[in-house]
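Novice: Attaching a single structure in structure tokens format; questions to follow.
The values are calculated or read from the model by the stated rules, or taken from the named source; none is laboratory data. Keep in mind that what you see is a predicted model, and the values were worked out from it rather than measured. Cβ atoms come from the backbone with ideal geometry, glycine included; neighbour counts cover every protein chain shown.
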Amino acid sequence: MTAFSYRKAISSVAVSVFNISGVEISTFFLIGIPGMEHFHIWVSVPICLIHLIAILGNCTILFFIKTETSLHEPMYYFLSTLAFSDLGLPISSLPTMLRIFLFNATGISPDACFAQELFIHGFSAMESSVLFIMSIDHFISIYNPLRYTSILTSARVIKIGLVFAALCILFVLPFPFILKSLKFCKKSLLSHSYCLHQDVMKLACSDNRVSNIYGLFVALASLLYLLCISVSYMLILKIVLGITSHKDCLKVLNTCISYICAVLIFYVPIVILAALHCFAKNVSPVIRVIIADIFLLVPPLMNPIVYSVKSQQIRNWILAKLCGKRS
């Protein structure tokens, strides 16, 4: 290779990585449910209903924890953070999904797409972090209940929240800048009803190795969270099985169910969606779209229901409010 061709190759790589004005196409196109375009108006009804219930449920959890001073405890602080992230996910996706299913308006500008991706991945990272923190909180409360309040003081809870919030921001903030540095020349059709990093990244016609490597790094961090959560619950299960009293054992297991349900509801669609993107290239687009919508819609919908049913204090408060209105 001559010196000129070597310099030319180096400069082309540098431009593809650092050129922040490399977006060649003016619009990305999202999709609804392939093959069901004529029924999108009817599909919009359950989607709107799910969004409204999710927003109402998480707002109820936040309002309840804020107004009830007896619940100003670490566990409920973490639950309120989980509700906040569950509130952010449907709000981030609602505009584009309604435009697609109600008005068949599938176009979205690259900047709007990158911004939506930032919020979706940011709130997802926040939820993943909160689930990890809640598993540690739950382990401490069962392993050493007498020192629980001295270990998790309000000051420490605030510090933990700030540290993990900063980590979430640091994790997802590079995403839009990395995508902004890529060139999108020919392909503009995305695979979902909203923007995801791995979906947008595949449309790039320039060198996207940096994007691939960083996306893999964030995915491994999420898997590490899942691994730590699994280890903490295995330790909790070991402690619970060592309890001699059958009644106390069932009581502790009952408190674990809501946490385990929240973890499964959040991580199962993510794992399936990641597996489809990596290993099932020829899978039906309908399945991929449905799994992606489940990932975004079901956790914000189900978490308030699960915690309302399993938490006696929240359930009693809701019943008291409902009975008070009826009387």
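Novice: Take the residues in region 63-100 that are of a type in the set (D, E, K, R) and more than 17 Å from LEU30 (Cβ to Cβ); name whichever of them is surrounded by the most Cβ atoms within 10 Å (Cβ to Cβ).
Specialist: Checked region 63-100; the qualifying residue surrounded by the most Cβ atoms within 10 Å (Cβ to Cβ) is ASP86.
Novice: Now for a separate question. What number of residues within region 134-161 satisfy the criterion of being of a type in the set (A, V, I, L, M) and over 20 Å from CYS228 (Cα atoms)?
Specialist: The total comes to 3.
Novice: Here are ILE31, ILE53: which of them is outside any helix (DSSP H, G or I), within 27 Å of the chain's Cα centre (by Cα) and either surrounded by fewer than 16 Cβ atoms within 10 Å (Cβ to Cβ) or modelled with pLDDT of 85 or more (or both)?
Specialist: From the options ILE31, ILE53, the qualifying one is ILE31.
Novice: On the given criteria, is ARG147 at pLDDT 85 or above, surrounded by fewer than 23 Cβ atoms within 10 Å (Cβ to Cβ), in a helix (DSSP H, G or I) and basic (Lys, Arg)?
Specialist: Here the answer is no, as ARG147 does not meet what is asked.
Novice: Which pairs do you get when a residue that is over 20 Å from VAL172 (Cα atoms) and assigned to a helix (DSSP H, G or I), found in region 99-123, comes within reach of a residue that is at pLDDT 90 or above and of a type in the set (S, T, N, Q), reach meaning Cβ atoms under 6 angstrom, with the pair 6+ apart or on two chains?
Specialist: none
Novice: Across region 238-254, what is the total count of residues that are surrounded by 14 or more Cβ atoms within 10 Å (Cβ to Cβ) and free of Cβ contacts under 8 Å to residues at least 60 places away in the same chain?
Specialist: The qualifying residues number 3.
Novice: Filter region 281-297 for residues that are in a helix (DSSP H, G or I) and of a type in the set (D, E, K, R); which is nearest to PHE119 (Cα to Cα)?
Specialist: Among them, the one singled out is ASP293.
Novice: Output yes when any residue across region 36-46 is touching a helix residue (DSSP H, G or I) at 6+ places or on another chain (Cβ under 8 Å), within 30 Å of PRO110 (Cβ to Cβ) and not in a helix (DSSP H, G or I), and no when none is.
Specialist: Scanning region 36-46, I find at least one residue that is touching a helix residue (DSSP H, G or I) at 6+ places or on another chain (Cβ under 8 Å), within 30 Å of PRO110 (Cβ to Cβ) and not in a helix (DSSP H, G or I), so the answer is yes.
Novice: Go through region 210-230 and count every residue that is within 18 Å of SER181 (Cα to Cα) and surrounded by 15 or more Cβ atoms within 10 Å (Cβ to Cβ).
Specialist: 5
Novice: Ok, one more. Here's a check for you: in region 232-249, which residue that is modelled with pLDDT under 75 and among the hydrophobic types (A, V, I, L, M, F, W, C) is farthest from the chain's Cα centre (by Cα)?
Specialist: Ranking the qualifying residues of region 232-249, first place goes to ILE243.
Novice: Wholly within region 161-280, which helices (runs of 4 or more DSSP H) include no fewer than the required count, namely at least 3 residues that are under 30 Å from PRO74 (Cβ atoms) and not hydroxyl-bearing (Ser, Thr, Tyr)?
Specialist: Helices (runs of 4 or more DSSP H) meeting the threshold: 209-241, 246-279.
Novice: For region 167-176, does any single residue satisfy the condition of being more than 18 Å from ALA219 (Cα to Cα), over 15 Å from the mean Cα position of the chain (by Cα) and at pLDDT 85 or above?
Specialist: no
Novice: Let me ask something else. Against the condition farther than 30 Å from LEU196 by Cβ, in a helix (DSSP H, G or I) and at pLDDT 80 or above, how does PHE64 come out, does it pass?
Specialist: Spelling it out, PHE64 is indeed farther than 30 Å from LEU196 by Cβ, in a helix (DSSP H, G or I) and at pLDDT 80 or above.
Novice: Mind checking which pairs have a first residue in region 27-44 that is in contact (Cβ under 8 Å) with a residue 24 or more places away in the chain and closer than 23 Å to VAL200 by Cβ and a second that is loosely packed, with under 12 Cβ neighbours inside 10 Å and hydrophobic (A, V, I, L, M, F, W, C), Cβ under 8 Å, 6 or more apart or different chains?
Specialist: PHE28/LEU189; PHE29/LEU189; ILE31/LEU189
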